[in-house]
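These notes concern the structure reproduced below.
The values are calculated or read from the model by the stated rules, or taken from the named source; none is laboratory data. Fair warning: this is a prediction, and the values are worked out from it, not measured in the lab. In this analysis, Cβ positions are derived from the backbone assuming ideal geometry, glycine residues included, and neighbour counts consider all displayed protein chains. Note: accessible area is taken over every heavy atom of the protein model, side chains too, but ligands, DNA and RNA are not part of it. Shrake-Rupley method; radii C 1.70, N 1.55, O 1.52, S 1.80 Å.
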Amino acid sequence: MIKNEDLIKKANKEIEKNKSLVNSDYYRLKYHIMPPTGLLNDPNGFIQFKGEYHLFYQFHPFGTNHGLKYWGHYKSIDLVNWEAMPIALAPSEWYESHGCYSGSAIEDNGILTLIYTGNVKDKQGNRETYQCLAMSEDGVEFEKYKDNPVIHNQPKGYTRHFRDPKVWKKDGIWYMVIGAQTIKEEGRVLLFKSKDLKSWDMVGEVAGSNINNLGDFGFMWECPDLFELNGKDILISSPQGIKPQGDLYNNIYQSGYFVGKVDYKTGNMQHEDFVELDRGFEFYAPQTTLDDKGRRILIAWMGLPEEEDHPTTEKGWIHAMTIPRVLELKENKIIQKPVEEMENIRKNLAKYENIKINSSEIMLENISGDVLEMEAIFEVDDAYEFGVKLRCSDDEKEKTILYYDRKMQKFIFDRENSGKGYKGVRRCYIEDKKKLKLNIFLDTSSVEVFINDGQEVFTGRIYPDKQSLGIKFFAKGGSVILKELRKWDI
Ligand code: FRU
């Protein structure tokens, strides 16, 4: 077995070696978390510790494929400016020989404690999984718990797809949700409890495929998270194996939530229907934390499993995180807003009011670019379709279209002509209230659009040419008023 320090040294060498190639990539994002080289996937261990936000991530330093996973680490005082920290975990022990898989963080008497899954594959390729702890006093150097693993044996009736522990404290007791699969290959979220984080007892099944009247709902549920919002319990999970249904579930795997009530004696949750958290393309394995302002903040992987064909691989890296979002519950629906700290990085305001667009397409002075935030409020007159084209080339061969179709009452994100990379169209129902507000975050290779103050969000990666910087507003079959437009560079 290679020692922890040596594994970290090896990874650091790889980061150093690839630095100039990675940094030569136009598609490196300007305000999103990315890996220094190699592959990033799930957000892990999201926590505010001693006044600073920490975000760890699944990290494969040696390639843009899902190889041996480490925990990379960033920290921030404001959720916007992130500082790269030394690698937190390397897969050095027998119980994690094939990767330090996803998990969460808690503060236990002043100690930052990570709880994660050690992934092991034996010589026959069989998977074993173990839940493990690692502790840190300063939030930088982590020491693995000497009696790891803390969960050795999976409960009967479940396979070794048993991972992604998320831990929190309630009424003096530690609780954990974990993603699991029954031996009949049905996805599950299980609830465990512990007095000391070291010895864990199963409470029961929270939710899953073919229970709680859900019907057939996937073969594995990854990355669960359970918390309260407005007195209701919210279960987030990333189920795998759900078939597309019209506009729903069009990505390879989904991430969404259930609203309901958990019975902490049995673990069971009575819940409403599953709702996708994001209506766009790349969005998976979200994780939340509660900060000292009482905000429930979510960050997700702006990528998907099994989709590793992004153009950035030529430059030695792949994937990123979404910007942080604050979650609120309104009438049993989650509303998602960018954290207000995003406003601190706004520069150079350009502003317009009351611009009428009548069956036409317009460009506005100072409204163009690739790294920016934009807020647009449309008031509809009689147009049947209206919206904005981003990242347009002069000949308009390249464009990314965000628009509203009033006949269908749907908002649409069309990246069919966005440049290189994955293509496609995503749609979501939004009631036609003759008014639409868009808050768009553009980075060199990503789009995040928050609709009507967080009612829906669409996220996606795009890879246009760096010269494609045009922004055009349009209306078809009548007019709309661009009531207010504000744009900032970031
Ligand atoms: C989700 C996931 C987790 C696992 C991790 C491995 O994307 O598959 O279930 O812990 O990634 O990197």
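Between GLU353 and LYS146, what is the label-point separation in nm under the 7 Å Cα-to-beta-carbon projection?
Roughly 6.9 nm, to one decimal.
Under a 5 Å amide H to amide H cut-off, with H placed in plane at 1.01 Å, what residues pair with VAL206 once short-range neighbours are removed?
The answer is VAL189, LEU190, LEU191.
Run the simple label-point estimate for ASP382 and SER20 please: 7 Å along Cα→C-beta, distance reported in nm.
For ASP382 paired with SER20, the spin-label model returns 6.3 nm.
From the protein chains alone at 1.4 Å, what is the descending order of accessible area for ILE173, ILE367, largest first?
The residues order as ILE173, ILE367, largest area first.
What does the accessible area per residue of the chain come to in Å², with a 1.4 Å probe and no ligands, DNA or RNA counted?
About 40 Å² of surface per residue is accessible.
Ordering GLU379, GLU282 by how much accessible area each has at a 1.4 Å probe, largest first, what is the list?
So, going from the largest accessible area down, we get GLU379, GLU282.
Pop out the Kirkwood hydrodynamic radius of region 1-104 from its pairwise C-alpha distances, inverse of mean 1/r, in Å to one decimal.
14.2
In square nanometres, what is the average projected area of the Cα convex hull of region 331-378?
Taking a quarter of the hull surface, the average projection is 5.8 nm².
With the cut-off at 25 Å, tell me which of the pairs LYS243/LYS397; LYS433/LYS476; LYS166/LYS198; LYS121/LYS166 have Cα atoms farther apart than that.
LYS243/LYS397, as the Cα separations exceed 25 Å there.
Between region 36-73 and region 472-487, what's the alpha-carbon centroid distance in Å?
Here the answer is 40 Å between Cα centres.
Probe radius 1.4 Å, ligands and nucleic acids ignored: give me the carbon and sulfur share of the accessible area of the chain as a rounded percent.
Percent of accessible area from carbon and sulfur atoms in the chain: 44.
Give me a comma-separated list of calculated 3J(HN,Hα) values for region 201-206, in order, Karplus coefficients 6.51, -1.76, 1.60 applied at θ = phi - 60°, integers in Hz, x for any Gly or Pro.
10, 6, 8, x, 8, 7
On a 0 to 90° scale, report how tilted helix 4-23 is relative to the longest principal axis of the chain, with both axes built from alpha carbons and the result rounded to the nearest 10.
Orientation of helix 4-23: about 10 degrees from the principal axis.
What accessible surface, in Å², does a 1.4 Å probe find on VAL371, ignoring ligands, DNA and RNA and rounding to the nearest 10?
VAL371 has an accessible surface of roughly 20 Å² with all protein chains in place.
Tell me the accessible surface of HIS98 in square angstrom (1.4 angstrom probe, heavy atoms of protein chains only), to the nearest ten.
Surface accessible to solvent at HIS98 totals approximately 80 Å².
Please list LYS75, LYS466, LYS232 from largest to smallest accessible area, probe radius 1.4 Å, with all protein chains kept in place.
Result, largest first: LYS466, LYS232, LYS75.
What whole-number distance in Å separates the alpha-carbon centres of region 206-272 and region 122-145?
27
What is the gain in length, in nm to one decimal, between ASP263 and ASP247 on full extension, counting 0.36 nm per residue of separation less the C-alpha to C-alpha distance?
Extra length available between ASP263 and ASP247 comes to 2.5 nm.
Highest first, please rank the peptides 343-349, 233-239 by the mean number of other Cβ atoms sitting within 10 Å of their residues.
So the order, starting with the most tightly packed, is 233-239, 343-349.
Work out how much length LYS156 to SER393 would gain on full extension: take 0.36 nm times their residue separation and subtract the Cα-Cα distance, in nm to one decimal.
79.6 nm
Please tell me which of these pairs span more than 18 angstrom C-alpha to C-alpha: LYS17/LYS144; LYS50/LYS337; LYS356/LYS472; LYS232/LYS333; LYS347/LYS437?
Flagged as over cut-off: LYS17/LYS144; LYS50/LYS337; LYS347/LYS437.
If you plug each phi of region 135-144 into the Karplus form 6.51 cos²θ - 1.76 cosθ + 1.60 with θ = phi - 60°, what whole-Hz ³J(HN,Hα) values come out, in order, with x for Gly and Pro?
10, 8, 8, 9, x, 10, 9, 10, 10, 6
Which value, in nm² and rounded to one decimal, describes the direction-averaged projected area of the C-alpha convex hull of the chain?
22.4
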